[in-house]
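Note sheet for the following structure.
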Amino acid sequence: MQIRFSGKHMEVTPALREYATTKLQKLERFFTHVQDVHVVESITRNQHIVEVTLNADGTVIRAEERSDDMYASIDLVADKLERQLKKFKERHEHKRGGQGGVLPAETPEPTENEYPSILRTKKFPVKPMDPEDAAMEMELVGHDFFVFLDANSNKVNVIYKRRDGNYGLIEPVRE
């Protein structure tokens, strides 16, 4: 497993790097092929933030946690990833096998007095999957929506999280 570290508004010390590596290597027991892990550590407004993006068996899983201490944030994000990976593994044991996908990246929010504009364009391959698989992958990344290719209709669909905690599905139709 290759782990890359980045720091925002701080330098990642060898002690932090070693501590995070030890915690994250324990996640390998959930997947046989963890290809890449990217850890971003930052300090913003006295909050120590750790973001981890993990690419395992073709599936991208993302978690972020913050606290008053960087070591506590590392512990929290490792625990969160472990829960997500357990949930992912349990669901895939009942399914036909792991289908992964590359998930969309978050775009920054526009400021209050600024007219919204497209700040970033993200291209990614869409893989055929069922809406249930798409919902699971959306949860693993912690996003509110997920774009995927429906395995049955072969059309691009969007699944999103509703305010009531349930999911919504957008299926395109031509008029």
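Which shape class, rounded, prolate or oblate, goes with segment 123-175 when its Cα gyration tensor gives a ≥ b ≥ c as root eigenvalues, a/c under 1.5 marks rounded, and past that a/b bigger than b/c marks prolate? Oblate is the answer for segment 123-175, as a/c is 1.5 or above yet b/c matches or exceeds a/b.
A simple spin-label model places pseudo-atoms 7 Å from Cα toward Cβ; at ALA15 and TYR160 they are separated by 4.6 nm. Ranking of LEU81, LEU119 by solvent-accessible surface, largest first: LEU119, LEU81 (1.4 Å probe, protein heavy atoms only, all chains present).
Projected label points at VAL173 and LYS123, each 7 Å from Cα along the beta carbon direction, are separated by 3.2 nanometres. Estimated from the Cβ-Cβ distance and a Förster radius of 22 angstrom, the FRET efficiency linking GLN25 and SER67 is about 0.55.
Qualifying trypsin sites (Lys or Arg not before Pro) in segment 131-170, where qualification requires a DSSP coil assignment and no more than 12 other C-beta atoms within 10 Å, comprise LYS155, ARG162, ARG163.
Give me the extension gain from ASP144 to MET1: residue separation times 0.36 nm, minus the current Cα-Cα distance, reported in nm with one decimal.
48.7 nm
For PHE145, the solvent-accessible surface computed with a 1.4 Å probe is close to 90 Å², ligands and nucleic acids excluded.
The values are calculated or read from the model by the stated rules, or taken from the named source; none is laboratory data. Fair warning: this is a prediction, and the values are worked out from it, not measured in the lab. All Cβ positions, even for glycine, are placed from backbone atoms using ideal geometry, and neighbour counts span all protein chains on display. For the accessible areas, the whole protein counts, side chains as well, though only heavy atoms, and no ligand, DNA or RNA atoms are used. Shrake-Rupley method; radii C 1.70, N 1.55, O 1.52, S 1.80 Å.
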